[in-house]
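Q: Just dropping this structure here.
The values are calculated or read from the model by the stated rules, or taken from the named source; none is laboratory data. Remember, it's a predicted structure, so these values are computed and weren't measured experimentally. Methodologically, a virtual Cβ is constructed for each residue, glycine included, from the backbone with ideal geometry; neighbour enumeration extends over all protein chains shown. Just the protein is used for accessible areas: all its heavy atoms, side chains included, with ligands, DNA and RNA removed. Shrake-Rupley method; radii C 1.70, N 1.55, O 1.52, S 1.80 Å.
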Amino acid sequence: MKMKKLTAMAMAALTAATMIPSVPVMAADGGKVYYLNFKPEADEAWQNLAKAYTEETGTEVTVVTAASGQYETTLQSEMAKSDAPTLFQVNGPVGLKNWKDYCYDLTDAEITKGLTSDTYELKDGDAVDGIAYVIESYGLITNKTLLEKAGYSLDDIKSYDDLKKVADDIQARKDELGIKGAFTSAGMDGSSDWRFKTHLANLPIYYEYKEDGIDDTEAIKGTYLDNYKNLFDLYITDSTCDGAELSAKTADDSRNEFVNGEAVFYQNGTWEYAELSKTYGDDELAMIPIYFGVDDENEGLATGTENYWCVNKNASDEDVQATLDFMNWCVTSETGTKSMANDMGFTLPFKTAQESTNVFVKQDAEYTEAGKTPVSWNFTTMPSEEWKNGLGTALTAYAAGTGSWDDVVSAFVDGWATEKALSE
């Protein structure tokens, strides 16, 4: 496939994304690993794990982390270099279309044999082009202490109507409660907008697919976009800030508002536990479903993956083997599995996985054991990054009062058909 030229944006993203050299150092045996990491929130943990592996084996591992929202652009630029990543990732079948010609067949790899289910294999025909390395959940992270201060408990929130009632009351009494809003800011800056143009947008897709008995479509109907609007309206009206300010609000702003006790609810995922646990004890935190007003009685957390490891088949044989060895060590060794479970907050789909100490992971298991249905991650079928960006732009304008909800619907439905057609 033809690679795009390195853009200024990609160069800036890569430069800002890591504090270590982007060119891997060759180990004594000739094998080296260069991992282009997708998850900025796990960068420090990956740097530490890479260092531990090098100290244990002598194999040099370089981890470069792409800036939030810039992974595909950064991957394109890095793959065009002579020292290209030996380990990279795609988000599922849609992402694989762009990179399948670069993927080493993992069918016989040791790491593949250790998966708990072959459903975690990402295939192109008979070849295993990628494997899922983490299962995650997201929902509404809740400050139980503040919720109780407002006179409520988790038992009072079992549906969208309950959530709206509680959030509206908290917002009306925010000064009395000493907070800034019921929800943290729904930041639409590039570090945060994925929470709404991807994760929140997953819910109308999930329920439409479920109703129609499908797992992908060339033409989304938008059956549940009114429900999407209801949630987003709640986020921007019962918020720590005015909707016009959201375009500049970042992921750090939203997290800091929650950490500082300025809001009760914070839409995010299990990956936030390591940071939040520095401030809050497990008994102060909960993750509840993003109740959507469709099947609230049975809805669990949104659980799945968009993280599939792929090995660059164009790397040298030594680098491919070094990369395979590193991957396997990450998911089988005590050091690797503990870091991925505790420092990164991952649930690993491998037989050798450590039990996670992450309270959100435990709560996800409790929901499932109680018979709740996890919301699957269908956003891996979203047509393209361009579709997400168009939706994000429309949401931002709507929140600011400069655009209409009809524009959001058009970006969602019409944009979907356009981008799906272009991807064929």
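Q: In whole Hz, what ³J(HN,Hα) sequence does region 214-228 give by Karplus (6.51, -1.76, 1.60; θ = phi - 60°), x for Gly and Pro?
A: Values, residue by residue: 10, 10, 5, 7, 7, 9, 5, 8, x, 4, 10, 6, 5, 5, 4 Hz.
Q: Let me ask something else. For ILE131, what residues show an amide H to amide H distance below 5 Å, using hydrogens built from the backbone and excluding near sequence neighbours?
A: LEU122, TRP309
Q: In whole Hz, what ³J(HN,Hα) sequence does region 269-284 give by Karplus (6.51, -1.76, 1.60; θ = phi - 60°), x for Gly and Pro?
A: x, 4, 5, 7, 4, 4, 6, 5, 5, 6, 10, 10, x, 4, 6, 9
Q: On the protein heavy atoms, probe 1.4 angstrom, tell me the percent of accessible surface of the chain carried by carbon and sulfur.
A: Values: 8230 of 17520 Å².
The nonpolar share, carbon plus sulfur, comes to 47 percent.
Q: A further question follows. Among residues other than ASP414 whose Cβ falls under 15 Å from its Cβ, what is the net charge (Lys/Arg +1, Asp/Glu -1)? Can you show the working numbers first?
A: Values: positive: LYS221, LYS388, LYS420; negative: GLU218, GLU386, ASP406, ASP407, GLU419.
For residues surrounding ASP414, the net value is -2.
Q: Straight distance only, please: which lysines reach the Cα of LYS165 with their own Cα at less than 18 Å, same-chain residues fewer than 8 apart left out?
A: Within the straight-line cut-off, LYS165 pairs with LYS144, LYS149, LYS174, LYS180, LYS229.
Q: While we're here: Towards the positive end of the charge dipole of the chain, with charges on Cβ (+1 Lys, Arg; -1 Asp, Glu), say which of GLY345, GLY30, TYR235 has the farthest Cα.
A: The residue sitting farthest along the positive end of the dipole is GLY30.
Q: Calculate how many DSSP beta bridges within the chain are antiparallel, expressed in % of all such bridges and rounded to the nearest 5.
A: Details: 25 of 36 bridges.
Roughly 70 percent of the beta bridges in the chain run antiparallel, per DSSP.
Q: Would you mind working out the accessible area per residue for the chain, using a 1.4 Å probe, and quoting it in Å²? Let's see the in-between values first.
A: Numbers: 17520 Å² over 424 residues.
Spelled out: the 1.4 Å probe surface of the chain, per residue, equals 41 Å².
Q: Another question, if that's okay. Using θ = phi - 60° and the Karplus curve 6.51 cos²θ - 1.76 cosθ + 1.60, what whole-Hz ³J(HN,Hα) does each residue of region 123-132 get, with Gly and Pro shown as x?
A: Couplings: 10, 10, x, 8, 7, 8, 7, x, 9, 5 Hz.
Q: May I pose another question? Only one of the values (1) 1.07; (2) 0.98; (3) 0.96 was calculated from this structure for Rg/Rh (Cα atoms, Kirkwood Rh); name its label.
A: (3)
Q: Let me ask something else. Quote the relative contact order of the chain in percent (integer), defining contacts as alpha-carbon pairs under 8 Å separated by 6+ residues.
A: Values: 764 pairs, mean separation 97.4, N = 424.
RCO, the chain: 23 percent.
Q: Treating the Cα atoms of region 60-208 as identical point scatterers in vacuum, please give the log10 of the normalised Debye intensity I(q)/I(0) at q = 0.19 Å⁻¹, two decimals.
A: The computed values of log10 I(q)/I(0) come out as -1.23.
Q: Further question on the same structure: For the chain, what is the calculated [θ] at 222 nm in deg cm²/dmol (nearest 500), taking -39500 (n - 2.57) for each run of four or more DSSP H residues and dividing by its residue count? Intermediate results must be reported in sequence, preceding the final value.
A: Working: 17 runs with 172 residues, N = 424.
Helix-only estimate at 222 nm: -12000 deg cm²/dmol.
Q: What spacing in nm lies between the two simple spin-label points modelled at THR145 and LYS351, each 7 Å away from Cα in the Cβ direction?
A: For the pair THR145/LYS351, the computed spacing is 4.4 nm.
Q: Can I ask one more? Cross-link partners among lysines for LYS81, C-alpha distance below 25 Å, same-chain residues fewer than 8 apart left out?
A: Cross-link targets: LYS2, LYS4, LYS5, LYS32, LYS39, LYS51, LYS97, LYS100, LYS313.
Q: How far is helix 202-212 tilted, in degrees, relative to the longest principal axis of the Cα atoms in the chain, given as a value from 0 to 90 rounded to the nearest 10?
A: 90 degrees
Q: Amide H to amide H, which residues 5 or more places from GLN267 or on other chains are under 5 Å from it, using H placed in the peptide plane?
A: When sequence neighbours closer than 5 places are left aside, the close amide H contacts are ILE141, THR184.
Q: Angle, helix 160-172 long axis vs. longest principal axis of the chain, Cα atoms, 0 to 90°, nearest 10?
A: Approximately 70 degrees, to the nearest 10.
Q: What does the charge count around LEU122 come to, taking other residues whose C-beta lies under 12 Å from its C-beta (Lys +1, Arg +1, Asp -1, Glu -1)? Don't jump to the answer; show the numbers that get you there.
A: On the way: positive: LYS97, LYS100, LYS123; negative: ASP105, ASP118, GLU121, ASP124, ASP129, GLU306.
For residues surrounding LEU122, the net value is -3.
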